[in-house]
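Accompanying notes for the structure given below.
The values are calculated or read from the model by the stated rules, or taken from the named source; none is laboratory data. Treat the numbers as computed from the prediction; the structure is a model and nothing was measured. Every residue, glycine among them, receives a Cβ derived from its backbone with ideal geometry; neighbour counts consider all protein chains shown.
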Amino acid sequence: MINQIKTDGKARMEKSLEALEGAFAKLRTGRAHPGILSGVMVSYYGSEMPLNQVASINVEDARTLLVQPFDRSMVSAVDKAIREADLGLNPMSADVIRVPMPALTEETRKDMQKLARSEAEQSRVSVRNIRRDMLADIKKLVKDKEASEDDERRAETDIQKLTDDFIKAIDTRLAKKESELMEV
């Protein structure tokens, strides 16, 4: 039972880490990256669809994304969706849409860095909350006499080590993202 709590908690912590990586992918670093447009929703025949389902997104060069809608009539809708996504991007459209990445100013870099730190802190809080839930579940097992106090102490040590490992992974990813953001 304790092992099941540990594996469930570890899976939840991994999902927190994946969510952090997804959030980091949306922060632009000045380089073109298809993940920047991952949250863009396009109005496609009356329903909202993710951009990657109505167009292919490729990196044309280090500072330009190339967006090719599968349906030529969707060029204006895709262009409009990118402009309204509040990403600070200004696409140029013809048959295809080119999205140039504006150079980041020092102030913009610092703002992006603050956002990255905020996302990392949210992930740390999430991991700690998962740890709290796991410890509460184990205490309940001990209270219901389904596990001994020795098992509880061993499990607490394992859970703390797991938590420390995930927090360290979050900090490592944050340091990497911050260095990417401060690159000129």
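Number of residues in the stretch 67-98 that are within 29 Å of residue 17 (Cα to Cα) and either among the hydrophobic types (A, V, I, L, M, F, W, C) or in the same structural domain as residue 16 (by TED's automatic domain parsing) (or both): the value is 6.
Just name the residue that is nearest to residue 175 (Cα to Cα) out of those in the stretch 94-108 that are surrounded by fewer than 17 Cβ atoms within 10 Å (Cβ to Cβ) and touching a Ser or Thr at 6+ places or on another chain (Cβ under 9 Å).
Here is the first cut: in the stretch 94-108, the ones surrounded by fewer than 17 Cβ atoms within 10 Å (Cβ to Cβ) are 94-95, 98, 100, 102-103, 105-108.
In the following step, the residues that additionally are touching a Ser or Thr at 6+ places or on another chain (Cβ under 9 Å) were identified as 98, 100, 102.
Working: 98: 31, 100: 26, 102: 23 Å.
Checked the stretch 94-108; the qualifying residue nearest to residue 175 (Cα to Cα) is 102.
Going by the structure shown, is residue 120 assigned by TED's automatic domain parsing to the domain that holds residue 177 and hydrophobic (A, V, I, L, M, F, W, C)? Taking the combined requirement at face value, the residue satisfies it.
Annotation: of all residues in the stretch 22-32 being in a helix (DSSP H, G or I) and either within 23 Å of residue 106 (Cα to Cα) or of a type in the set (Lys, Arg) (or both), the one that is modelled with the lowest pLDDT is 26.
Sort out which residues of the stretch 47-76 are assigned to a helix (DSSP H, G or I) and either surrounded by 16 or more Cβ atoms within 10 Å (Cβ to Cβ) or among the aromatic types (Phe, Trp, Tyr) (or both), and write them in order of number. I'd like the intermediate steps shown before the answer.
So in the stretch 47-76, the residues assigned to a helix (DSSP H, G or I) come out as 51-54, 72-76.
Residues satisfying the conditions are 51, 54, 74, 75.
Report yes if some residue within the stretch 36-46 is in contact with a strand residue (DSSP E or B) (Cβ under 6 Å, 6 or more places away or on another chain) and either touching a residue at least 40 places away in the same chain (Cβ under 8 Å) or surrounded by fewer than 17 Cβ atoms within 10 Å (Cβ to Cβ) (or both); otherwise report no. Within the stretch 36-46 (the criterion being in contact with a strand residue (DSSP E or B) (Cβ under 6 Å, 6 or more places away or on another chain) and either touching a residue at least 40 places away in the same chain (Cβ under 8 Å) or surrounded by fewer than 17 Cβ atoms within 10 Å (Cβ to Cβ) (or both)), the answer is yes, since at least one residue qualifies.
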